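Undergrad: Here it is, the structure in full.
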Amino acid sequence: MHVGIAGAGLLGRLAAWRLAQRGCSVSVFDPASGPQPTFDGQGAAAFTAAGLLSPMAERDVASDRVAQLGWRSIALWRGIVKALPGSPYFADRGSLLLVHRGDLGTAQRTLARLPTPGTGAHAPVALTNDKLIAIEPALSGVSHAWLLPGEGQIDPVQTLRALHEGAPSVLWHWGQRVIDLAPGTLRLADGSWRRFDAVLDVRGLGARPELPLRGVRGETVWLRAHRHGLTRPLRLLHPRHRIYIAPRPGDVLVVGASEVESEDRSEVSLKSAVELMSAAQSVMPALQEARILRLDRNLRPALPDHEPRIDAQPGLGRINGLFRHGWLMAPALVDDALRTMELA
């Protein structure tokens, strides 16, 4: 079975790796110049992401389906990272929801959408200040906190590199944009057609105008804070923002906000950077001595209903519309799509 894949972002690399493991011949086409991140607002949005695996924390804006895909994917990621070269960073020690005094109403609205204790499902655990400091001594200045058990995080850059390196049999065609697809065929920007037994379209925004997609801007600040001590990702709830902080190996922290309704790919603004870093410092005072490694941004593909979409017919499959939940849902969506295409 020879499969052609349009797009070498998270979905494309994960699908290529899965198919190669199953003995398929795989060719991947992408307009990027190579497999490494450029951090210039172009290319795979997955490189910019914080890699949060938060089915519960997303429930205030996401559907039950997204949460279910997320829980499935966390279980799948455990096995995937173990099988990849270098075993990319993955942790599932839970995440934290935090609020400052005066923002409790925002937290209560979020918590109202989460499972409650005693239902048998994952449920938030309220933490006293002493308990919070006991598990995360680097934090201070919050009035209320909750632990969300079972949630986790993954290192996007490490994982994307490992998915590429872990599939040496895959033919990676860099600098080649797919502009059209049909069952069993891909058409490249140079006008040539490539034929396969099946093709998979995972181009994100590159799939326009076939799909009614819009780009939603995401912005991140990468900081180095020596011995910062944070071991779990956290979200600081605010009436206007959902600020997150994700710890990474090597004293690195990634700070970001959930979404900005814009297709602007230009550099991060001073206003955004100040807001993100001020919010982060409000719960981690030691960050005042952190060093700014990178300000990054990219566009995430969203459909009008904010739901992921799988389309399949003989010889052709599509996955798109992951919005801000790409790392949360990708393994489950890829497995579902390959199964539907009878490639699993």
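The values are calculated or read from the model by the stated rules, or taken from the named source; none is laboratory data. In this text the structure is predicted, and so the values were computed from the model without any measurement. Note that each Cβ is placed from the backbone with ideal geometry, even for glycine, and that neighbours are counted across all protein chains shown. Side chains included, ligands, DNA and RNA excluded: accessible areas come from the protein's heavy atoms. Shrake-Rupley method; radii C 1.70, N 1.55, O 1.52, S 1.80 Å.
Undergrad: Identify, from the list Leu299, Leu295, Leu316, the residue that is within 28 Å of Val202 (Cβ to Cβ), at pLDDT 95 or above and over 21 Å from the mean Cα position of the chain (by Cα).
TA: Working: Leu299 fails: over 21 Å from the mean Cα position of the chain (by Cα); Leu295 fails: over 21 Å from the mean Cα position of the chain (by Cα).
Going through Leu299, Leu295, Leu316 in turn, the sole match is Leu316.
Undergrad: Does the range 266-280 include one or more residues that are among the basic types (Lys, Arg) and either assigned to a helix (DSSP H, G or I) or surrounded by 22 or more Cβ atoms within 10 Å (Cβ to Cβ) (or both)? So that I can check it myself, show each step before the final result.
TA: Applying the first criterion (among the basic types (Lys, Arg)) to the range 266-280 yields 271.
Imposing the further condition that a residue be either assigned to a helix (DSSP H, G or I) or surrounded by 22 or more Cβ atoms within 10 Å (Cβ to Cβ) (or both) reduces the set to 271.
Yes, the range 266-280 contains at least one residue that is among the basic types (Lys, Arg) and either assigned to a helix (DSSP H, G or I) or surrounded by 22 or more Cβ atoms within 10 Å (Cβ to Cβ) (or both).
Undergrad: Considering the range 35-57 alone, what residues qualify as being over 21 Å from Val170 (Cβ atoms) and in contact with a Pro (Cβ under 6 Å, 6 or more places away or on another chain)?
TA: Correct list: Ala49, Gly51, Leu52.
Undergrad: Quick check, is Gly184 at positive phi, among the small types (Gly, Ala, Ser) and surrounded by 19 or more Cβ atoms within 10 Å (Cβ to Cβ)?
TA: Numbers: at positive phi: yes; among the small types (Gly, Ala, Ser): yes; surrounded by 19 or more Cβ atoms within 10 Å (Cβ to Cβ): no.
For Gly184, the condition - at positive phi, among the small types (Gly, Ala, Ser) and surrounded by 19 or more Cβ atoms within 10 Å (Cβ to Cβ) - is not met.
Undergrad: Which residue out of Leu211, Leu181 is touching a residue at least 12 places away in the same chain (Cβ under 8 Å) and not in a loop (DSSP other than H, G, I, E, B)? Break it down stepwise before answering.
TA: On the way: Leu211 fails: not in a loop (DSSP other than H, G, I, E, B).
Unique residue meeting the criteria: Leu181.
Undergrad: Looking at Asp311, Asp296, Asp251, which one is charged (D, E, K, R), free of Cβ contacts under 8 Å to residues at least 12 places away in the same chain and in contact with a strand residue (DSSP E or B) (Cβ under 6 Å, 6 or more places away or on another chain)? Let's see the steps before the verdict.
TA: Working: Asp296 fails: free of Cβ contacts under 8 Å to residues at least 12 places away in the same chain; Asp251 fails: free of Cβ contacts under 8 Å to residues at least 12 places away in the same chain.
Answer to the check: Asp311.
Undergrad: Among all residue pairs at least 6 apart or on different chains, which show Cβ distances below 8 Å where the first residue, located in the range 153-167, is assigned to a helix (DSSP H, G or I) and the second is charged (D, E, K, R)?
TA: Leu160/Arg13; Leu163/Arg13; His164/Arg13
Undergrad: Inside the range 123-152, can you point out the residues that are free of Cβ contacts under 8 Å to residues at least 60 places away in the same chain and charged (D, E, K, R)?
TA: Asp130, Lys131
Undergrad: Moving to a separate point now. Just checking, how many residues over the range 119-165 are closer than 20 Å to Gly250 by Cα and of a type in the set (D, E, K, R)?
TA: Of the residues in that region, 3 qualify.
Undergrad: Among (1) open to solvent by 10 Å² or more (accessible area, probe 1.4 Å); (2) among the β-branched types (Val, Ile, Thr); (3) within 27 Å of Gln42 (Cβ to Cβ), there is one condition Ile245 misses while meeting the rest; what is its number?
TA: The one condition Ile245 does not meet is (1).
Undergrad: Would you please list the contacts, defined by Cβ atoms under 7 Å and residues six or more apart or on different chains, that run from a residue in the range 258-281 that is over 18 Å from Ile292 (Cβ atoms) to a residue that is in a loop (DSSP other than H, G, I, E, B) and among the polar types (S, T, N, Q)?
TA: Once the first residue is over 18 Å from Ile292 (Cβ atoms) and sits in the range 258-281, its partners that are in a loop (DSSP other than H, G, I, E, B) and among the polar types (S, T, N, Q) give Arg265/Gln42.
Undergrad: Give the residues of the range 282-293 that are in contact (Cβ under 8 Å) with a residue 40 or more places away in the chain, open to solvent by 40 Å² or more (accessible area, probe 1.4 Å) and in a helix (DSSP H, G or I), sorted by residue number.
TA: Quick first cut of the range 282-293, residues in contact (Cβ under 8 Å) with a residue 40 or more places away in the chain only: 282-287, 289-293.
Still in the running and open to solvent by 40 Å² or more (accessible area, probe 1.4 Å): 282, 285-286, 289, 291-293.
Once the filter is applied, which keeps residues that are in contact (Cβ under 8 Å) with a residue 40 or more places away in the chain, open to solvent by 40 Å² or more (accessible area, probe 1.4 Å) and in a helix (DSSP H, G or I), the range 282-293 yields Ser282, Pro285, Ala286, Glu289.
Undergrad: Which residue out of Asp264, Asp311, Asp251 is more than 15 Å from the chain's Cα centre (by Cα), within 30 Å of Asp335 (Cα to Cα) and among the acidic types (Asp, Glu)? Full working, then the answer.
TA: On the way: Asp264 fails: within 30 Å of Asp335 (Cα to Cα); Asp251 fails: within 30 Å of Asp335 (Cα to Cα).
Every option except Asp311 fails the conditions.
Undergrad: Identify, please: which residue in the range 323-344 is open to solvent by 20 Å² or more (accessible area, probe 1.4 Å) and not in a helix (DSSP H, G or I) and is, among those, nearest to Ala49 (Cα to Cα)?
TA: Among them, the one singled out is Arg324.
Undergrad: Residue under question is Asp264, and the condition is that it be acidic (Asp, Glu) and on the phi > 0 side of the Ramachandran plot; does it hold?
TA: Details: acidic (Asp, Glu): yes; on the phi > 0 side of the Ramachandran plot: no.
No, not satisfied.
Undergrad: Taking the range 190-208, which residues are over 18 Å from Leu19 (Cα atoms) and touching a residue at least 60 places away in the same chain (Cβ under 8 Å)?
TA: Listed by number, the residues that qualify are Arg194, Gly204, Leu205, Gly206, Ala207.
Quick grid of which residues meet (1) open to solvent by less than 10 Å² (accessible area, probe 1.4 Å); (2) modelled with pLDDT of 95 or more:
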{"residue": "His164", "(1), (2)": "no, yes"}
{"residue": "His173", "(1), (2)": "no, yes"}
{"residue": "Leu200", "(1), (2)": "yes, yes"}
{"residue": "Pro233", "(1), (2)": "yes, yes"}
{"residue": "Glu259", "(1), (2)": "no, no"}
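Undergrad: Going through the range 227-246 one residue at a time, which ones are without any contact (Cβ under 8 Å) to a residue 40 or more places away in the chain and over 20 Å from Thr106 (Cβ atoms)?
TA: Once the filter is applied, which keeps residues that are without any contact (Cβ under 8 Å) to a residue 40 or more places away in the chain and over 20 Å from Thr106 (Cβ atoms), the range 227-246 yields only Arg227.
Undergrad: Also, quick follow-up: Residue check, Gly191 against (1) surrounded by fewer than 14 Cβ atoms within 10 Å (Cβ to Cβ); (2) in a strand (DSSP E or B), all met but one. Which one?
TA: Condition not satisfied by Gly191: (2).
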